[in-house]
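Input: a single structure, listed below in structure tokens.
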Amino acid sequence: MKRHLISAADLSRDDAVLILDTAEEMARVADRPIKKLPTLRGRTVVNLFFEDSTRTRISFEAAAKRLSADVINFSAKGSSVSKGESLKDTALTLEAMGADAVVIRHHASGAPYRLANSGWIDGAVVNAGDGTHEHPTQALLDAFTMRRRLVGPDAGLGKDLSGRRITIVGDVLHSRVARSNVHLLTTLGAEVTLVAPPTLVPVGVESWPCEVSYDLDQVLPKSDAVMMLRVQRERMNAAFFPTEREYARRYGLDADRMAKMPEHAVVMHPGPMNRGMEITAEVADSVRCTAVEQVANGVSTRMAVLYLLLGGSEPAVATNHARTEENK
Amino acid sequence: MSKILIRGAKVLGGEPQDVLVDGETIAEVGTGLGAEGAQVIEADGKILLPGLVDLHTHLREPGREDSETVLTGTRAAASGGYTAVFAMANTFPVADTAGVVEQVWRLGKEHGYCDVQPIGAVTVGLEGKQLSELGAMHDSAAGVTVFSDDGKCVDDAVIMRRALEYVKAFGGVVAQHAQEPRLTEGAQMNEGVVSAELGLGGWPAVAEESVIARDVLLAEHVGSRVHICHLSTAGSVEIVRWAKSRGIDVTAEVTPHHLLLTDELVRSYNPVYKVNPPLRTERDVLALREALADGTIDIVATDHAPHPHEDKDCEWAAAAMGMVGLETALSVVQHTMVETGLLDWAGVAERMSFKPARIGSLAGHGRPIAPGEPANLTLVDSAYRGVVDPAGFASRSRNTPYEGRELPGRVTHTFLRGRATVVDGKLA
Amino acid sequence: MDAVIPPPEPARAVLEAPDIARVLTRIAHEIDERAKGADDVVLLGIPTRGVFLAHRLAAKLEQITGRTMPVGSLDITMYRDDLRMRPARALARTEIPGEGIDGRLVVLVDDVLFSGRTIRAALDALNDIGRPRAVQLAVLVDRGHRELPIRADYVGKNLPTSLRETVKVQLTEEDGRDSVLLGTRATASADGQ
């Protein structure tokens, strides 16, 4: 049986809650004198990174190591991958080395899906971000962070995010974080609103289970959590918005805007932050901003994912990739 | 030369008739024809069509012989019922000189499976900057009449205008690959609901439609004719319909895959579905079928685009665009147009033989099945049902989107000027 | 733990609610005696039913000693040696009382002692949490068939069984009633207790 985490859309509500509950138990391990569990002893997890992302890689590395797995970091930089070795040959190499799981970050959307479904490898594939497609573990850690903050670490166990209003702001078009979050948060019962300049909202967004707004100020008072996406300055050159200053003025989160949010509402950011662009330093450093917490929660969440995918003879999380090959 | 009697064939899908071929030409068409001295082929109610003509084939030779050669490509063409193919110019070197087009033309002649009519590049190196020696290619032994930068769009309006004007001198036609380059930078698939979900760069319909709109207006302005390659959107259909209603001399083609497949298939991230122009939506597919039926779209052209396995056995973004199509085209057309009641077999003959030959000014092909005409014929077992198995392809490449799919119809015999190139479904 | 395969024959109750209450009272007294007032005892139940038993024992010990008894839970899932033989499963809560376990007498509490593998895992888990002065084991039922050199310090009932039999403990907190059921299963397997 295949066992992969490619898209947040593959997770049912119960799967997602199980992952969050498991992450909650994993988080408690971090408070112990010995932060290590023997659970994945003898298993090999490969971090296959075709794209630089030290943050995500060390998060997965810490998660795998806390579960006693052997970790191999395979970076495309400086390896034969950058000299034209194909994804397939890399996959076959990892397979020959006996990888039980491959955590893959790739600049091409769909590369993890290909890896999982091509028959090149037997191990579990975990998508650690593919192109502008998805980043499901980021969405899980975001949901985990929200549940902890909005419901409570203990009170949240077994619960989803029903009725919570989540606003995602920024470059939705190029954001794998946004795509995964829309899927997952909706599955968990939250109401999602995307806020962005129209140029940064994908054509076809009308099929997504969320609202779209171009006006941040209108949405803020009705938000339980506001997730600010990183906006790359290069987008300006492709005419997605006129200037950084105008972007920050219309879509950046500063203290005045934060004051419009309800008392309990939190500010989230997947990092790395562009201070002064989508978020001011004042907001980034405020107690309402969960950016640092999200990093810590990332390890617990990824431990939960690795445990549930690798901890047994078959995964506890049902993932089904039997997507239609036929179009009728 | 020998005689062949094809007995009991439904000529263009009509009543069963006998067709007697003598040498390179059709000698007689009728019932109860005598078989003296002739090899008899019992057609048994199969459909007899004029040899198919493909206005849009990539034979890859010279330069990419790892994906296809003139030999393997023409064998694939014969297998699919074709007796003539137009070979696109995007080879290495580009077919932008008389020397290259003559080489391709000669290779087709030598191999003898299917006539090969080279298409000349509109601009040097397909770079869209300087006109190729269009006249020299026309005057060469290859007698080029169709010019295209296919694979790339002639996006400079001035170059396009000049090309349209220039080829009038010798009755040529420019076949435009309509793709606005800036709107399709990084484009990976049709822009819409599916691309939004998959996070693949969107290829908007407007990138095709805006170029077609411009080019039909240019053709009207300079009084030239223009041919639109692989139309893929409902909007493009509307523009061509409007242009024709104004009397603009425009013709258009659609590929078999755009008549059947949609962008939903891309959800598999399987690069076998990666093609230029991209697979569109069901709404587009239905509009294209309707347009092909009502004549807005004139012809079916395969855009047969072979690629070696390694160019498809990879992640989507790294994969090459294109699908092979010569060996499945007629089956897909039967499936999408004939069996849906949109076209009869005479209509298929018009769109896959008569009209493409006329657009390409190709003598000796796309002729009626009548005494005195060249014996370019295709016999089709339309009752056949089979699952597509690329292992059996004559093409050097296997990048078909139909693997494992059941499709109707099978070419049992192909005759090129009276000589069988396919017998009982096998290459002769 | 409870057997997963339902017995093909109707199960027979070997302990009913009053019996369970009585043996728990006895175990509480034994703990009090052997731990000499039980002033450094920490009760850790092994989920699921061991936790309920630990809380019941704590309540009885509080009646006996008049002091609050630290009680918690110890999930051993991630320490099991049969993880790869079954699907990955949800984790239960590990709740160590505020006093911690360092230098204390930890009494592990479980419902059924069978192969001993659960207790082996529990000892490993304890090792990662702290260093108790001593570890003891209390079980409601000891059904034999040990696969490891492990024995219980406090046993509610010794129940000689064959491997074809199943022992199922039901507790009000989880199952709506208190009882210990002895049944039969179609195929013997040694991985469950």
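Here, each number is a calculation from the coordinates, and none is a lab measurement. Quick caveat, the model's predicted, so the values are computed rather than measured. Reconstructed Cβ throughout: ideal geometry from the backbone, glycine too, with neighbour counts over all protein chains shown.
Converting phi to 3J(HN,Hα) with the Karplus coefficients 6.51, -1.76 and 1.60 and the offset θ = phi - 60°, the range B:114-124 yields 6, 5, 10, 10, x, 9, x, 6, 5, 10, 4 Hz in sequence order, with x at every glycine or proline. Placing unit charges on each Cβ (+1 for Lys and Arg, -1 for Asp and Glu) gives the protein assembly as shown a dipole about its Cα centre, and among B:159, B:14, A:108 the Cα reaching farthest toward its positive end belongs to A:108.
If both residues of a DSSP beta bridge must be in chain C, then about 35% of such bridges are antiparallel. Between the range B:127-176 and the range C:121-173, the alpha-carbon centres lie 87 Å apart. Relative protection proxy for B:91-100, B:363-372, from highest mean packing down: B:91-100, B:363-372 (other beta-carbon atoms within 10 angstrom). Quick note on the protein assembly as shown: its Rg to Rh ratio, both from C-alpha atoms and Rh being the Kirkwood radius, is 1.12. Dipole size of chain B about its Cα centre, with +1 on Lys/Arg Cβ and -1 on Asp/Glu Cβ: approximately 480 debye, rounded to the nearest 20. Is the shape of the range C:18-160 best called rounded, prolate or oblate, per the rule: a/c under 1.5 gives rounded, else a/b larger than b/c gives prolate, else oblate, with a ≥ b ≥ c the square roots of the Cα gyration tensor eigenvalues? It comes out oblate by the Cα gyration axes.
Of C:25, C:112, C:57, which is farthest along the charge dipole of the range C:18-160 in the positive direction, counting Lys and Arg as +1 and Asp and Glu as -1 at C-beta? Farthest along the dipole direction, towards plus: C:112. Sorted ascending by nearby beta carbons within 10 Å, beginning with the fewest, A:157, A:184 become A:157, A:184. Across chain A, counting alpha-carbon atoms alone, Rg and Dmax equal 19.4, 58 Å. Of all aspartates and glutamates in the structure, the ones whose alpha carbon falls short of 17 Å from that of residue A:260, not counting any fewer than 8 places away in one chain, are A:215, A:217, A:224, A:278, A:282. When only Cα pairs below 8 angstrom with a gap of at least 6 residues are kept, chain C shows a relative contact order of 29 percent. Relative to the longest principal axis of chain A, what angle (0 to 90°, nearest 10) does the C-alpha long axis of helix A:176-187 take? In chain A, helix A:176-187 runs at an angle near 90 degrees to the longest axis. FRET efficiency for the pair residue B:427 and residue B:387, taken as 1/(1 + (r/R0)^6) with r the Cβ-Cβ distance and R0 = 25 Å, rounds to 0.80.
Summarising the label geometry, the points placed 7 Å from Cα in the beta-carbon direction at residue C:30 and residue B:130 lie 10.1 nm from one another. The mean of 1/r over all pairs of different alpha-carbon atoms in the range B:320-380, once inverted, gives a Kirkwood hydrodynamic radius of 13.0 Å. In the range A:136-294, the ratio of gyration radius to Kirkwood radius, Rg to Rh, stands at 0.94 when only Cα atoms are counted. Under a model in which nothing but the beta-carbon of Lys, Arg (+1) and Asp, Glu (-1) is charged, the range C:56-193 shows a dipole of about 280 debye around its Cα centre.
Pairs exceeding 21 Å between alpha-carbon atoms, taken from C:60/C:157; B:46/B:426; A:88/B:152; B:244/B:355; B:129/B:312; B:109/B:129: A:88/B:152; B:129/B:312; B:109/B:129. Cα centroids of the range A:252-315 and the range A:134-172: 9 Å apart. Ratio of Rg to Rh for chain B: 0.96 [Cα atoms; Kirkwood radius as inverse mean 1/r over pairs]. For chain A, the longest principal axis of the Cα atoms and the long axis of helix A:13-29 meet at an angle of about 80 degrees. Per residue of peptide A:203-214, the mean number of Cβ atoms on other chains within 10 Å of the residue Cβ is 3.
Counting only DSSP beta bridges with both residues in chain B, the antiparallel share comes to about 50 percent. Taken about its Cα centre, chain A carries a charge dipole of about 540 debye when Lys and Arg each add +1 at the Cβ and Asp and Glu each add -1 at the Cβ. Remark: spin-label model distance residue A:118-residue A:58 equals 3.1 nm, labels positioned 7 Å along the Cα→Cβ axis. Label-to-label distance for residue C:89 and residue C:184 is 2.6 nm, based on points extended 7 Å past Cα in the beta-carbon direction.
Using C-alpha pairs below 8 Å separated by at least 6 residues, the relative contact order for chain B is 20 percent. For the protein assembly as shown, give me the percentage of DSSP beta bridges that are antiparallel, rounded to the nearest 5 percent. So the antiparallel bridges in the protein assembly as shown amount to around 35 percent.
Projecting the Cα positions of A:218, B:394, C:161 onto the charge dipole of the protein assembly as shown (unit charges on Cβ atoms of Lys, Arg, Asp and Glu, taken about the Cα centre) puts C:161 furthest along the positive direction. Applying D = kT/(6 pi eta Rh) to the range A:156-214, where Rh is the Kirkwood radius over alpha-carbon pairs, T corresponds to 25 °C and eta to 0.890 mPa s, the Stokes-Einstein value obtained is 211 µm²/s.
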